[in-house]
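Trainee: The following block contains the structure, expressed as structure tokens.
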Amino acid sequence: MDQKQVTPMNYHHFLIIFFPIQGHINPSLQLAKNLVRNGAKVTLATTSRGLKQIKSLPTLKGLSYASFSAGQDDDESQFQKDFLRYMADLRRIGPQSLTNLVQKFSADQEPVTLLVYSMFLPWVAVVARDLQVPSAFFSNQSATVWAIYHRFFKSQDGIHGDIFSLLPIELLGLPLFSSSDIPSFLLPDNPVSGFMLPMMQEHIQVLEEDPRSFVLVNTFEELEQESIKAIANFNAISVGPLIPSAFCDGSDLTDKSFGGDLFSKSEDYIQWLDSKPKSSVIYVSFGSLAVLKKEQKEEILHALVESGRPFLWVLRSSNSEEEEEQVHKMIENGVKGDGIIVPWCSQVEVLSHQSIGCFVTHCGWNSTLESLVSEVPVVGCPQFSDQTTNAKMVEEVWGIGVRAKANGENIIERGEIKKCLDIVMGDEDRGKRMRENAGKWRGLAIEAVKEGGSTHNNLKRLLEITMMDSNPSTHSL
Ligand code: UDP
């Protein structure tokens, strides 16, 4: 668009601020691409350090990138070494740096018409309010998880301190949620509660304070109808599933990856998958954050080998080289089976490969949606955060998998994993039903993103709402 020809009725400029971790980068990139395809200008922005770490970024007319300071921009290791300090610095330095960025867009005749921000960044809503720019929260977690947060944190009659007085949680149309089904940090003995509870409280508070703001959720209406209604107070709009379109609706076959990997991947696994029969391979990945204990890795490896099926396992190098070596030694010593281990892969590409028959996953929300869209049934091995809730939904609501049970030491033993694999991949009725359900959900997901589908219509509505608010002259920066 010619910058000088900005008029109130034809102009959108979405500034999407994301936190630089993989599970936030991927859906933010996809949301940006979808908005650009619908005619909007989009700038994706994150911290300077975060932007530098992303290995490749998609190029698309109408899509650009920007960064703001987190205060530790030159210290790459601070993020991992002392996360709480990093977050404190980001909150101290970030608002002014982001304000400067938004003001620069205005000065350049490209005013921001909607400031979209993701989890961990509730202060962005305050920056938007101070600059009188409309804002929207982008949830890369499910609507059901947000319905639970809402129960807990809402200012009017939320529970705040004592989660146990709220349990089991009842949500319309869904099974009861017990302590093992709710996001783990809501439980008082959880190690990250001290950080997560106030942060989530603040997210809910800033949304309550601005009734004009809304929440964009990476889900689709058919998948979480009741939960989306349960958070209607926040003007929730479903905009998912946010998956590259080559794998979802096929509308753009060149759109094959998110293009925002933080990790280096090996490339030879697709050839290996090509050599395997249809639906025979177990794909194993626990996402970008979970660090598995050594015992857990051993149990997984034994389960995979004992199941007798080929497997592709993403094992990120953890902080402990010794533990990595342990698994590789086990393999060298013959606990090998017909499998390959890679440090990272293009997950949507793998999941949509015809050879994949099951996904052993931590049930991160992106992985859950990617599995669902790829019609791959799941063995859920949730570790923390919203993964427990997602695993429950996978098993009890959508019927596309089973949730593996951990022992008293929080380890899922080989026998349990193998039993789950046999259920999901075997010939019994339960496995067959899961595969049928997976097919049904894939169909509904594709319908949702197609022209005239619920998500497609929501995106159009979003563009309409934000265009009404987009008169650059109303932004008194
Ligand atoms: N992912 C990937 N390659 C891998 C493992 C993961 O591309 O080898 C991607 C995956 O497709 C998903 C994201 O990383 O989009 C992980 O997000 P999720 O919400 O599942 O889990 P998190 O990493 O946040 O725990």
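The values are calculated or read from the model by the stated rules, or taken from the named source; none is laboratory data. Source: prediction; values computed, not measured. Reconstructed Cβ throughout: ideal geometry from the backbone, glycine too, with neighbour counts over all protein chains shown. These accessible areas exclude ligands, DNA and RNA; they are computed on the full protein's heavy atoms, side chains included. Shrake-Rupley method; radii C 1.70, N 1.55, O 1.52, S 1.80 Å.
Trainee: Listed residues 225, 205; which is over 19 Å from residue 365 (Cβ atoms) and either among the small types (Gly, Ala, Ser) or surrounded by fewer than 20 Cβ atoms within 10 Å (Cβ to Cβ) (or both)?
Mentor: So the residue among 225, 205 that is over 19 Å from residue 365 (Cβ atoms) and either among the small types (Gly, Ala, Ser) or surrounded by fewer than 20 Cβ atoms within 10 Å (Cβ to Cβ) (or both) is 205.
Trainee: Filter the range 264-317 down to residues that are within 14 Å of the ligand (Cβ to nearest atom) and among the hydroxyl-bearing types (Ser, Thr, Tyr) and give me whichever is surrounded by the fewest Cβ atoms within 10 Å (Cβ to Cβ).
Mentor: Step by step, filter the range 264-317, then rank; the result is 264.
Trainee: Among the residues of the range 328-370, how many are more than 16 Å from the ligand (Cβ to nearest atom), modelled with pLDDT under 95 and either open to solvent by less than 20 Å² (accessible area, probe 1.4 Å) or under 21 Å from residue 244 (Cβ atoms) (or both)?
Mentor: Of the residues in the range 328-370, 0 are more than 16 Å from the ligand (Cβ to nearest atom), modelled with pLDDT under 95 and either open to solvent by less than 20 Å² (accessible area, probe 1.4 Å) or under 21 Å from residue 244 (Cβ atoms) (or both).
Trainee: So residue 172 clears everything in (1) touching a helix residue (DSSP H, G or I) at 6+ places or on another chain (Cβ under 6 Å); (2) among the aliphatic types (A, V, I, L, M); (3) crowded, with 20+ Cβ neighbours inside 10 Å except one condition, right? Which one?
Mentor: (3)
Trainee: Which one of these is farther than 29 Å from residue 244 by Cα, modelled with pLDDT of 95 or more and open to solvent by 40 Å² or more (accessible area, probe 1.4 Å): 96, 5?
Mentor: 96
Trainee: Limited to the range 371-403, what total is found for residues that are out of contact with any Pro (no Cβ under 9 Å at 6 or more places or on another chain), in a loop (DSSP other than H, G, I, E, B) and open to solvent by less than 10 Å² (accessible area, probe 1.4 Å)?
Mentor: Number satisfying all stated conditions: 4.
Trainee: Another question, then. Kindly list, by first and then second residue, each pair from a residue in the range 252-278 that is farther than 16 Å from residue 311 by Cα to a residue that is polar (S, T, N, Q), limited to pairs with Cβ atoms under 6 Å and residues at least 6 apart or on different chains.
Mentor: Cβ pairs passing all conditions: 252/245; 255/245; 257/346; 258/26; 259/56; 262/22; 262/53.
Trainee: Any residue that is in a helix (DSSP H, G or I), without any contact (Cβ under 8 Å) to a residue 24 or more places away in the chain, open to solvent by 30 Å² or more (accessible area, probe 1.4 Å) and acidic (Asp, Glu) - is there at least one of those in the range 449-462?
Mentor: The answer is no; no qualifying residue exists.
Trainee: Taking the range 45-63, which residues are among the β-branched types (Val, Ile, Thr) and part of a strand (DSSP E or B)?
Mentor: 46, 47
Trainee: Out of curiosity, is residue 72 among the polar types (S, T, N, Q), open to solvent by 10 Å² or more (accessible area, probe 1.4 Å), in a helix (DSSP H, G or I) and at pLDDT below 95?
Mentor: no
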